[in-house]
Amino acid sequence: MPLVAAYYRPDSLDEALSLLAEPNRIPLAGGTVVNADRTLSELEVVDLQLLGLDTIEADNDRVHIGATATLAAVAESSLVPEALRSIARREAPSSLRTRATIGGTVAVADRDSVLLAALLVHDAHVTLAGTDDRPLAELLESGVPAGAIITGVAIDASGSTADAVTGRTPADTPIVAAVARRSADDVRLALTGVASTPVLVDPADPTRGLE
């Protein structure tokens with residue numbers, strides 16, 4: 001991301017939405033990619049840190065993860081399934097896990113994100129401020145609407161989950177990864193590195209429809 005032209009830090013969701021209604025403004029979560037290069041721009045950022053979106057709470061079999069909850073917090077929370085916690089620990093170096101957020105991970109929609117694949121198999125639904133929940137798979141396909149704010153991600157914490165990855169070295173981001181979850185109702189399988197974002201596939205025919 002190029003250098004930003006202005007920085008805002010609202011203390012309410014309404015103020016944040018009002019700021020984001022203007023052109024050239026984007027929400028800022030962990031800020032792990034801000035100022036990655038030195039190119040001047042007209043881009044302005046709206047920092048979400050003061051909005052109280054960093055909680056992790058359980059509601060029966062669903063776990064609600066606030067958008068600004070860091071990957072480190074997810075990896076340490078006893079409310080999050082252990083398999084997903086393990087994947088969160090591997091998603092980024094420790095120096096970035098304390099800053100990178102769940103909401104930012106969803107917004108970036110990295111095709112190689114094993115954590116996104118894990119959220120997909122855990123039937124993740126994403127809440128956007130002022131709208132109903134949307135399935136993560138749907139949001140990854142359409143992209144986050146301009147001016148929208150991700151406020152949280154809810155997952156089904158039941159079932160058992162496993163993953164397998166292939167990378168150049170164990171320390172590298174996997175070239176391809178598969179995450180599967182078996183629940184009382186079905187088996188869900190998600191792949192990374194085979195499409196523009198991580199995708200859910202048919203466990204009986206996982207390559208169908210892939211280019």
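Conditions tested, residue by residue: (1) at pLDDT 90 or above; (2) within 30 Å of Asp47 (Cβ to Cβ); (3) in contact with a helix residue (DSSP H, G or I) (Cβ under 9 Å, 6 or more places away or on another chain); (4) assigned to a helix (DSSP H, G or I).
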position: Gly130; (1), (2), (3), (4): no, yes, yes, no
position: Ala146; (1), (2), (3), (4): no, yes, yes, no
position: Ile155; (1), (2), (3), (4): yes, yes, yes, no
position: Val165; (1), (2), (3), (4): yes, no, yes, no
position: Arg168; (1), (2), (3), (4): no, no, no, no
position: Asp172; (1), (2), (3), (4): no, no, no, no
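In this entry, Gly147 is excluded by the filter for residues that are within 20 Å of Asp123 (Cα to Cα) and open to solvent by less than 60 Å² (accessible area, probe 1.4 Å). Pairs please, first residue from segment 114-125 and in contact (Cβ under 8 Å) with a residue 24 or more places away in the chain and among the aromatic types (Phe, Trp, Tyr), second anywhere and surrounded by 24 or more Cβ atoms within 10 Å (Cβ to Cβ) and in a helix (DSSP H, G or I), Cβ atoms under 6 Å, 6+ apart in sequence or on different chains. Short answer, once both residue conditions are applied: none. The residues of segment 175-196 that are closer than 25 Å to Val144 by Cα, outside any strand (DSSP E or B) and either of a type in the set (Ser, Thr, Tyr) or in contact with a helix residue (DSSP H, G or I) (Cβ under 7 Å, 6 or more places away or on another chain) (or both) amount to a single one, Ser196. All conditions but one from (1) among the hydroxyl-bearing types (Ser, Thr, Tyr); (2) without any contact (Cβ under 8 Å) to a residue 60 or more places away in the chain; (3) open to solvent by 70 Å² or more (accessible area, probe 1.4 Å); (4) under 25 Å from Ser77 (Cα atoms) apply to Thr173; the one that does not is (2).
Only residues that are in a helix (DSSP H, G or I) and closer than 21 Å to Gly52 by Cα: list them for segment 132-144, please. Of everything in segment 132-144, nothing turns out to be in a helix (DSSP H, G or I) and closer than 21 Å to Gly52 by Cα. In this structure, does Arg85 turn out to be without any contact (Cβ under 8 Å) to a residue 12 or more places away in the chain and open to solvent by 20 Å² or more (accessible area, probe 1.4 Å)? Yes; evaluated as a whole, the condition is true for this residue.
Looking only at segment 51-68, filter to residues that are outside any loop (DSSP other than H, G, I, E, B) and of a type in the set (Asp, Glu); which one of those is nearest to Thr151 (Cα to Cα)? Outline the logic, then answer.
The initial filter retains those residues of segment 51-68 that are outside any loop (DSSP other than H, G, I, E, B), namely 51, 56-59, 62-66.
Filter once more, so that each one left must be of a type in the set (Asp, Glu): 57, 59.
On the way: Glu57: 13, Asp59: 17 Å.
This residue is Glu57.
Would you say Thr161 is in contact (Cβ under 8 Å) with a residue 40 or more places away in the chain, more than 18 Å from Pro81 (Cα to Cα), among the polar types (S, T, N, Q) and open to solvent by 30 Å² or more (accessible area, probe 1.4 Å)? So Thr161 fails the test. Inspection of segment 183-200 identifies no residue that is free of Cβ contacts under 8 Å to residues at least 12 places away in the same chain, β-branched (Val, Ile, Thr) and over 30 Å from Ala16 (Cβ atoms). Scan segment 9-22 for residues that are open to solvent by less than 60 Å² (accessible area, probe 1.4 Å) and without any contact (Cβ under 8 Å) to a residue 40 or more places away in the chain and the total you get is 2. Inside segment 60-82, residues that are touching a residue at least 40 places away in the same chain (Cβ under 8 Å) and of a type outside the set (A, V, I, L, M, F, W, C) make up a count of 6. Give the number of residues within segment 73-91 that are part of a helix (DSSP H, G or I) and not basic (Lys, Arg). The total comes to 10. From the set of residues in segment 197-211 that are assigned to a loop (DSSP other than H, G, I, E, B) and at pLDDT 95 or above, which is most open to solvent (accessible area, probe 1.4 Å)? Across segment 197-211, the extreme among qualifying residues is Thr197.
The values are calculated or read from the model by the stated rules, or taken from the named source; none is laboratory data. Because the structure is a prediction, the values reported are computed rather than measured. In this analysis, Cβ positions are derived from the backbone assuming ideal geometry, glycine residues included, and neighbour counts consider all displayed protein chains. Quick note on the areas: whole protein, heavy atoms, side chains included, nothing else; ligands and nucleic acids left out. Shrake-Rupley method; radii C 1.70, N 1.55, O 1.52, S 1.80 Å.
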